[in-house]
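All remarks here apply to the structure that follows.
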Amino acid sequence: MEDKTRHIESLFKQHYQAMHRLAFMMLHDEEESRDIVHDVFARLLDGDIRFDSDKAGAFLLSCVRNGCLNVMRSQDTRERAMRDFPIEDENASDSEAFESEIKALQDGIGLLTPPVCREIILLHYRYGLTFKAIATQLQVSETTIYKHLRNALNQLRLTLRDTYKLSK
């Protein structure tokens, strides 16, 4: 057991900086990055992870990447946008304009007809489902999904053009 602990400590000293740098590049959050890296080493100590010692560096980076992807997947889209594109206080009017645009878009989605267009927009853009997955879920062809999505996007363009007097 002591030998295993020394081996993991050696891996920590050798690979921590690269692992942390990768996590920080993906998450842009110092604390979350440290947590991801520490979780990988905690799982190594617990024996939850088994790996080939010859490829330890690549394996550890893969574990960090997967941990980051799990965190990113669990974060709300709005939370990620706010973190990646922070709005400064001096741009309060921009923030209000952004909120207004989001509200107009949400209202436009609520007005989509037929209702299946609204459902497809949400499934595709909010939940990230593919046309094939949506078609399977709604028990229609992928072509039907594509046509409804195109119809919904055209309706939204018209709604937003009317709302903001946008040009073609």
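Throughout, read-outs are computed from the coordinates displayed, never taken from laboratory work. Source: prediction; values computed, not measured. Backbone-built Cβ (ideal geometry, glycine too); neighbour counts: all protein chains shown.
Miscellaneous remarks
- Cut-off 11 Å (backbone N to label point 7 Å along Cα→Cβ of R73), residues of the range 50-67: 66-67
- Shape parameters for the range 93-164, alpha-carbon atoms, Rg then Dmax in Å: 13.4, 45
- Square roots of 5 times each gyration tensor eigenvalue, C-alpha, the range 1-54, largest first, Å: 22, 11, 9
- Axis of helix 56-74 versus longest Cα principal axis of the chain: the two differ by about 30°, to the nearest ten degrees.
- The chain pair-distance distribution - Cα-Cα, 5 Å bins, rounded %: 1, 7, 12, 12, 11, 11, 10, 10, 9, 7, 5, 3, 1, 0, 0
- Evaluated over the chain, the count of Lys pairs having alpha-carbon atoms less than 22 Å apart is 7 (only pairs 8 or more residues apart or interchain).
- Acute angle (nearest 10 degrees) that the helix 2-27 long axis makes with the longest principal axis of the chain, alpha-carbon atoms: 30 degrees
- Sorting 27-36, 137-146 by their mean Cβ neighbour count within 10 Å, with the most densely packed peptide first, gives 27-36, 137-146.
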